[in-house]
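Worksheet: the structure to be examined is printed underneath.
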Amino acid sequence: LLLFYRKKHEDEPGSSMYKSAVTTLGVVENVYREGHEYHKLEGFLKITGKRTVFPEEELIQQYKENRRIVIQFLYLLSFGKGNNINCHTLVEKGIINMGSYWGFLPISNDNYRIILKEAGVDENYFID
């Protein structure tokens with residue numbers, strides 16, 4: 001499962017502790033790595049294809065910057081306004097550490113359940 005964390009835009013007013021938040025839940029379908037599931041830029045562009053929000057120019061730049069892992073996911077749900085879990089709550093509940101890198105961060109099943117509960121998501125949608 002993937003939880004998506006939306007970071008406060010630098011031009012957005014307000015504190016990032018309250019404006020940055022977990023907003024969306026998805027499930028990983030495939031993970032592609034260069035040299036394993038694809039080779040070179042052409043393979044990278046073929047895999048990302050129509051399943052990306054990025055224009056081709058940005059994908060090429062990401063490839064040049066060695067961002068070469070592609071994660072295909074299926075969108076499950078957005079928590080919705082008023083149900084997103086902000087950074088303050090994540091820190092307060094001990095789910096994240098202020099000094100940690102949050103790009104890809106594994107979380108425990110207990111913390112996953114806390115996020116779902118805080119977001120008002122019915123856990124019965126999911127099987128252990």
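The values are calculated or read from the model by the stated rules, or taken from the named source; none is laboratory data. Predicted model, so just to flag it, every value in this text is computed and none were measured. Here the Cβ positions follow ideal geometry from the backbone for every residue, glycine too, while neighbour counts run over all protein chains shown. Surface areas here come from the heavy atoms of the whole protein model, side chains and all, with no ligands, DNA or RNA. Shrake-Rupley method; radii C 1.70, N 1.55, O 1.52, S 1.80 Å.
The figures follow:
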read-out	value
Ranked packing of 112-125, 3-16, most packed first, by mean Cβ within 10 Å	112-125, 3-16
Inter-label distance for residue 88 and residue 4, nm, one decimal - labels placed 7 Å from Cα along Cα-to-Cβ	2.4
Range of Cα positions in the stretch 20-128 per principal axis (Å), largest first	42, 32, 26
Probe 1.4 Å, protein heavy atoms only - accessible area per residue of the chain in square angstrom	72
Rounded Å value of the spacing that divides the Cα centres of the stretch 1-69 and the stretch 76-128	19
Distance (nanometres) between label positions extended 7 Å along Cα→Cβ at residue 12 and residue 53	1.1
The stretch 22-128 - charge dipole about Cα centre, Lys and Arg +1 at Cβ, Asp and Glu -1, debye rounded to 20	180
Cross-link partners of residue 40 among lysines (Cα-Cα below 28 Å; sequence separation of 8 or more within a chain)	50, 64
Kirkwood-based Rg to Rh ratio, the stretch 66-110, C-alpha trace	1.01
Mean ellipticity per residue at 222 nm, deg cm²/dmol - from DSSP H runs of n ≥ 4 across the chain, formula -39500 (n - 2.57)	-8000 deg cm²/dmol
GNM flexibility winner over the chain from 31, 22, 53 (Cα, springs under 10 Å)	53
Using alpha-carbon coordinates, inclination of helix 109-119 to the longest axis of the chain, degrees	70
Residue 30-residue 113 pseudo-label distance in nm [points 7 Å out on the Cα-to-Cβ vector]	3.4
Relative contact order (%) - the chain, alpha-carbon pairs under 8 angstrom, separation at least six	28
Span per principal axis, largest first, for the Cα atoms of the stretch 1-41 (Å)	43, 23, 10
Stretch gain in nm, segment residue 98-residue 60, where the contour uses 0.36 nm per residue and the Cα spacing is subtracted	10.5 nm
Of all accessible heavy-atom area on the chain, the percent that carbon and sulfur account for (1.4 Å)	51
Principal axis dimensions, largest first and in whole angstrom, of the stretch 14-63 by Cα	42, 25, 19
